[in-house]
Amino acid sequence: MQDLAKLLVIADDSQVRNNLQTILEFVGEHCVAISSNDINQIDWTQTWSGCIVGALQSATLSNALLAQLAVSNHIPLLVTSEFTGAVESLTSFVGELEFPLNYPQLSDALRHCREFLGRKGVQVPSATRKNTLFRSLVGQSSGIQEVRHLIEQVSGSEANVLILGESGTGKEVVARNIHYHSSRRKGPFVPVNCGAIPPDLLESELFGHEKGAFTGAITARKGRFELAEGGTLFLDEIGDMPMPMQVKLLRVLQERVFERVGGTSVIKANVRIVAATHRDLESMIQETQFREDLYYRLNVFPIEMPSLRERKEDIPLLLQELLARMEAEGGQPICFAPRSINSLMEHDWPGNVRELANLVERMVILYPNSLVDVNHLPVKYRYSDIPEFQPEMNTLKTIEEQERDALDSIFSDDFSFDDEPEFDSQHAPQSLPPEGVNLKEMLADLEVNMINQALDAQDGIVARAADMLGMRRTTLVEKMRKYAIHR
C-alpha cells in the first residue's frame, strides 16, 4: 500500500479532511483528499489502496458516491462514524473508524484493507492425499483421516460396506471412493435411494421386471442389480427399505442370485453392495423395524462419517475445495475473509457438508469476484461482526457526558420510532402519577434495557441484536454510543 497505490479520502469538512491526510501521510500512506463535489473527477479504475469516507453534506452526493463504490467494489472501503450512508451491503466495506484516531486502530484498519486487496481468505496448504479421488474428503481432522484410512483398507476386498452418518456428511462420496479404488473401478457405480422409491415399485427398480408382469409393464426392463453387473450397487438410506423388500434383499446377498418381477429365470448377481443410512439400525432392530440378519450381512465393514460440527477445523480446507470446484464448473471466483471463516467455524452445521456447499454456491452467485466478509453471510452464520476500529478509551467522553448527550438527543430530529422496539404497556404506568414522570428517562431506561437484552441473547453480536430489535446495525451502534453500552 505504500508504493504506488494511494488512499482516497472523501470528506466535506475541510478540517477533518486535512487531519486525515496528515495522519495518513505521517504513518507512511500516500493519499488524495477531496470533498464530495470532486467525486466526478476521480479515476476509479486506477489502483487505489483504499477509500475513507467521512461526513458528507449532500444526501444526493452521498447516494451517488455509494452507487460508484458499489461498482468499484475492488477498492476496500472504510467509513468514519459521521458517515450516515448505508454501507453494510457493499462487498468492499471493511470497517468503521471512530474519532479521535490513534495508531492502533488505524493500523488495524489499514491491515484489513491490505487483506482485502490481497484477497487473503482461504490461505491453507492443500491436504496431502495419495489419490485425487479423495478430493471430496479433504481435511486433517482425526475423524476424516480415519475414514480415508478405512476406505484404503476395504477397497481392495469384496466385503459389503455399511456407511453410517448424519444426512449431508458425504456418505455417497465415501461409496464412490470405495468403488473407484476397488478392482471393480471399470464397472458401473449404480446408486439407489431406497427412501425415494415407493415401496410397491422398489422391487421392480432393484430386480427389474418381465413384459406383462404388472399393469403398465409393456416391455421387459433391467433392474439396478443387472445395471450394476461387474460394478458396485450403492443402496442409500437402507434404513427406509420396507420389511418385505428386506427379506428379498437378504436372499440376494446370501445366494447371489435373483429373479425379475414376473420372471422365472435365475440371474446371477455379480455386484458389490455398499449401503448407507442416517438411521440407528440397532435401535430399529429392537423395534422390529429392521431385520437383524440383514443388518449383519450389510455391516461386514462399517464406516462412520463424522458430522461437520465434529471436525470444524476442516472447514477452511472444505471451503477451498468447494470454491475450486465451483470455479471449475464456471462460477466466478470469490474469497472468504479470515473473520468470515472464523464465524463459519462457530456454526453447528446441522446440514453438514451439504449445508456448507449450498452456502458457498449462494455466496458465489451473490458476490462474484468479491471478498466475502462476515457482514455478507446470512444472519444465522454471523458469530462476529464487522470491526469498529475504536479509539483509546481515555480519549473518549466520560460516561456521564455520554448519558447526558443521549438524554438530550433522544427526541432529536433524527429520532425514528420505526427503529424502536414496541413499547410494552404492561411495564408502563397505568395512569400518570400526580407528581408526573420524567418521560425521557423512562424511555431511555426502557431502550437501554431492550438493547442489553438483545445483546445478551445474541452473545454480543451487534448485527444479530439489531435484527432482533428490528433496526439497522448502524442505528443500534449509534444508540450504543449514546448510552455508553460497550460489548
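As I understand it, the value is the acute angle between the Cα axis of helix 171-180 and the longest principal axis of the Cα atoms of the chain; what does it come to in degrees, rounded to 10?
Computed tilt is about 50 degrees.
For the chain, which whole percent of the accessible surface, found with a 1.4 angstrom probe, sits on carbon and sulfur atoms? Write down the numbers at each step before the final one.
Values: 12070 of 24300 Å².
Roughly 50 percent of what the probe reaches on the chain is carbon or sulfur.
Relative to the longest principal axis of the chain, what angle (0 to 90°, nearest 10) does the C-alpha long axis of helix 352-366 take?
Rounded to the nearest ten degrees, it is 50.
Could you give the dipole magnitude of region 163-208 about its Cα centre, charging the beta-carbon of Lys and Arg +1 and that of Asp and Glu -1, in debye to the nearest 20? Before the final figure, lay out the partial values.
Details: 5 positive and 5 negative charges, 93 e Å.
Once rounded to the nearest 20, the dipole reads 440 debye.
FRET efficiency for residue 146 and residue 438, Cβ-Cβ distance as r, R0 = 51 Å, nearest 0.05?
Efficiency computed from Cβ-Cβ geometry: 0.20.
Treat every Asp and Glu Cβ in the chain as -1 and every Lys and Arg Cβ as +1, leave all other atoms uncharged, and give the resulting dipole magnitude about the Cα centre to the nearest 20 debye.
Here the chain has a charge dipole of around 3260 debye.
Given the peptides 228-235, 146-153, 43-50, arrange them by the average over their residues of other C-beta atoms within 10 Å, most packed first.
Numbers: 228-235: 21.2, 146-153: 17.0, 43-50: 15.2.
Packing order, densest peptide first, comes out as 228-235, 146-153, 43-50.
Measure nothing fancy, just the Cα-based angle from helix 103-117's long axis to the longest principal axis of the chain, in degrees from 0 to 90, nearest 10.
40 degrees
Once Lys and Arg get +1 and Asp and Glu get -1 on their Cβ, which of 452, 353, 367 lies farthest toward the positive end of the dipole of the chain?
353
Amide H to amide H under 5 Å from residue 31: which residues, 5+ apart in sequence or cross-chain, H placed 1.01 Å off N in plane?
Result for residue 31 returns 7.
Express the relative contact order of the chain as a whole percentage, based on alpha carbon pairs under 8 Å and six or more residues apart in sequence.
14 percent
If you take every DSSP beta bridge fully contained in the chain, what fraction is antiparallel? Give it as a percent rounded to 5.
5 percent
Of the listed values [x] 13; [y] 24; [z] 43, grab the one calculated as percent of Cα pairs over 41 Å apart from the structure here.
[z]
Could you work out how far apart the two model spin labels at residue 63 and residue 453 are, taking each label as a point 7 Å from the Cα in the direction of the beta carbon, and quote it in nm?
3.7 nm
The values are calculated or read from the model by the stated rules, or taken from the named source; none is laboratory data. Treat the numbers as computed from the prediction; the structure is a model and nothing was measured. Methodologically, a virtual Cβ is constructed for each residue, glycine included, from the backbone with ideal geometry; neighbour enumeration extends over all protein chains shown. SASA here: full protein model, heavy atoms, side chains in, ligands and nucleic acids out. Shrake-Rupley method; radii C 1.70, N 1.55, O 1.52, S 1.80 Å.
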